[in-house]
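So the structure is just underneath, and the comments pick up after that.
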Amino acid sequence: MKIKDLEKRDFVVFSLIAIASFVSIGLLASLDQFLDNPYLIASFGATAVLIYGAPDAPFSKPRNVFFGHLFSAIIGVTVSFIFVKCGYMEELRWLACAISVSLAIIVMKITNTVHPPGGATALTCAMCGFATVEYIIRPIMLGIIVMMIIAYAVNILRGCLITDISEPNGQ
């Protein structure tokens, strides 16, 4: 492969990464802002780095992304629910945070679905006191599904464009 082809390929790949992360985070952030409901959580930034910037990494596999966030959200919401219902969330939020992240890591390891941003998802649930199933559905799983659909489309496009650039006459 010639240097010019590598430069074209890198430009295409970097452009697709930028577009994918911009569209997914921008869409979720605009929903969050204009609908005045949570649609965006901080762990989505790290997920964007993995699924758009390093799509072949083990932590970027769709199974890891989906179930890593799902299990972590369930754990974070469950721990928050228990602490809120028992009346200890305000004075023991630190403990809810520590328990949520620790359990999320263990469950992701047991299920072979480790996705590092999942730890941040569990932490966010405990820090913010997300204590209802609604938070598992939105913002967490809705956001992850949006991001995964965009990643899927971009990865197909990336494969098509790189093949066209890498091979003479697109063959």
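Under 9 Å between Cβ atoms, which residue pairs at least 6 apart in sequence (or on different chains) link something in the stretch 20-48 that is at positive phi and modelled with pLDDT under 95 with a partner that is crowded, with 21+ Cβ neighbours inside 10 Å and in a loop (DSSP other than H, G, I, E, B)?
none
Does Ile106 satisfy being modelled with pLDDT under 95 and of a type outside the set (S, T, N, Q)?
In short, no.
Kindly establish whether Gly76 is surrounded by 14 or more Cβ atoms within 10 Å (Cβ to Cβ), modelled with pLDDT under 95 and out of contact with any Gly (no Cβ under 9 Å at 6 or more places or on another chain).
In short, no.
Provide a single number: the residues in the stretch 84-105 that are surrounded by fewer than 14 Cβ atoms within 10 Å (Cβ to Cβ) and hydrophobic (A, V, I, L, M, F, W, C).
Total satisfying the criteria: 2.
Would you confirm, using the coordinates I've provided, whether Thr132 is out of contact with any Cys (no Cβ under 8 Å at 6 or more places or on another chain), surrounded by fewer than 19 Cβ atoms within 10 Å (Cβ to Cβ), of a type in the set (Ser, Thr, Tyr) and not in a helix (DSSP H, G or I)?
For Thr132, the condition - out of contact with any Cys (no Cβ under 8 Å at 6 or more places or on another chain), surrounded by fewer than 19 Cβ atoms within 10 Å (Cβ to Cβ), of a type in the set (Ser, Thr, Tyr) and not in a helix (DSSP H, G or I) - is met.
Can you say whether Thr113 is assigned to a loop (DSSP other than H, G, I, E, B) and open to solvent by less than 30 Å² (accessible area, probe 1.4 Å), as far as the supplied structure shows?
yes
The values are calculated or read from the model by the stated rules, or taken from the named source; none is laboratory data. Just so we're clear, the structure is a prediction, and the values are computed from it rather than from any experiment. Quick reminder, even Gly has a Cβ in these numbers, built from the backbone with ideal geometry, and neighbours come from all protein chains shown. Keep in mind that these areas ignore ligands, DNA and RNA; they rest on the heavy atoms of the full protein, side chains included. Shrake-Rupley method; radii C 1.70, N 1.55, O 1.52, S 1.80 Å.
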